[in-house]
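Only one structure is covered here, and it is reproduced in the block below.
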Amino acid sequence: MIHTLLFRDNKLTPESPGVETLSSLVGETGVMIWVDLDSATDREIKSVMQDAFNVHPLTIEDCIQESALPKVEEMEEYLYLVVHAVDYTRADKFSTTELDLVLGRNFLVTFHRGPLKSLAVAMDRFRRNPATLVRGPDRIAHTLIDLIVENYKPALDALRQEVEDIEEAVVARAAGNLTHEIVETRENLSTLRQTIRPQREIVTQLALGKTPFFRPKLLPYLRDISDDLVRIEEQAKGWSEQLIFAFRLHLNRASHEANDGIRVLTGLTAVTIPLLLIGSWFAMNFRNMPLLTSKGAYWITLVAMVVSTAGMFLYLKRRKWF
């Protein structure tokens with residue numbers, strides 16, 4: 001699907017030019033074009049990127065093939081960017097959506113294969129306020145990147161809540177496979193950091209002002225996005241350290257509980273030692289045992305067994321083995 005916004009003299013027009021007229025509009029003075037390719041077919045991609053905007057075939061190939069890492073590549077006529085939007089829920093876990101941007105002097109082409117909330121918000125914002133001045137495609141590109149970073153917050157909130165729930169479960173000694181949850185959450189945090197770090201490097205690189213496709217007045221805004229990404233990465237790092245501490249506490253408690261069980265079993269074994277000794281002694285098959293012929297031998301043995309067992313129990317109780 002192809003969505004096109006046409007700006008004349010920095011203002012949105014109600015015109016919706018067809019693909020066949022895009023190439024003629026590119027060279028027109030005072031015209032700026034934003035074309036969004038949403039899950040476009042190969043034919044639509046070729047007609048827009050290659051035929052209308054003369055995008056290099058290798059760039060088109062990079063757009064079509066999903067990349068796990070962000071990317072920035074400056075060509076003679078445009079700047080090619082790859083950024084990733086992040087979504088996270090406890091049910092579906094981590095998912096990222098790639099957004100490819102081809103930023104020219106007076107045009108911007110965006111390409112993605114899934115719905116992007118940030119892009120939909122930006123496009124709706126321009127359509128609702130057509131009088132808003134948009135002085136360059138770099139402003140639209142900055143808005144998209146800024147909204148993508150802004151939309152990291154729901155994922156961050158969900159991850160923070162999951163970390164807090166795990167910590168509360170460890171402290172409360174809740175039942176469940178906490179080890180699996182801790183390891184899985186930490187892997188998700190690692191995925192977030194692996195996504196954030198290269199994007200921060202790219203935005204920092206753009207904020208240096210070495211590319212002519214972003215005007216100098218936008219550099220402070222790019223630095224602000226870079227600071228946000230640094231803050232997000234530091235938060236993810238801190239949560240990872242919290243999970244390591246929670247995991248160690250969980251293992252220590254599990255080990256302590258196992259030792260408690262072994263100690264109780266050992267205590268029970270120790271309590272039965274007098275019974276085993278006395279019972280084994282009188283169970284020996286000697287023909288002549290003085291006590292066996294005594295009328296009070298049974299009661300003497302019974303008292304000895306009870307007293308010795310009770311004494312052993314009280315001794316272990318005093319040592320806090322029970």
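The values are calculated or read from the model by the stated rules, or taken from the named source; none is laboratory data. This structure is a prediction, so every number in the text was calculated from the model and none was measured. FYI the Cβ positions are ideal-geometry reconstructions off the backbone, even for glycines, and counts take in every protein chain you see. Ligands, DNA and RNA are stripped out before the accessible areas are found, and what is left, the full protein with its side chains, is counted by its heavy atoms. Shrake-Rupley method; radii C 1.70, N 1.55, O 1.52, S 1.80 Å.
Only one residue in V134, V102, V86 is open to solvent by less than 10 Å² (accessible area, probe 1.4 Å), at pLDDT below 90 and outside any helix (DSSP H, G or I), so which one is that?
Being open to solvent by less than 10 Å² (accessible area, probe 1.4 Å), at pLDDT below 90 and outside any helix (DSSP H, G or I) holds for just one of V134, V102, V86, which is V134.
Which residue, of R139, R125, R160, is touching a Leu at 6+ places or on another chain (Cβ under 8 Å) and open to solvent by 60 Å² or more (accessible area, probe 1.4 Å)?
R139
Go through (1) buried (at least 17 other Cβ atoms within 10 Å of the Cβ); (2) farther than 18 Å from N106 by Cβ and name the single condition S39 misses.
The failed condition is (1).
For residues that are surrounded by fewer than 19 Cβ atoms within 10 Å (Cβ to Cβ) and either touching a Pro at 6+ places or on another chain (Cβ under 9 Å) or not charged (D, E, K, R) (or both), scanning just the stretch 89-99, find the one that is modelled with the lowest pLDDT.
Out of the qualifying residues, it is A91.
Within the stretch 191-217, which residues are in contact (Cβ under 8 Å) with a residue 12 or more places away in the chain and open to solvent by less than 50 Å² (accessible area, probe 1.4 Å)?
Answer for the stretch 191-217, where residues must be in contact (Cβ under 8 Å) with a residue 12 or more places away in the chain and open to solvent by less than 50 Å² (accessible area, probe 1.4 Å): L192, T195, I196, P198, Q199, I202, V203, L206, A207, T211, F213, F214.
Just to be sure before I move on: is T204 of a type outside the set (A, V, I, L, M, F, W, C) and more than 18 Å from S118 (Cα to Cα) in the structure I sent?
yes
Can you tell me which residues in the stretch 137-184 are assigned to a loop (DSSP other than H, G, I, E, B), closer than 30 Å to P220 by Cα and of a type outside the set (S, T, N, Q)?
none
Within the stretch 264-312, take every residue that is open to solvent by 90 Å² or more (accessible area, probe 1.4 Å) and among the aromatic types (F, W, Y) and give me the one that is modelled with the highest pLDDT.
W299
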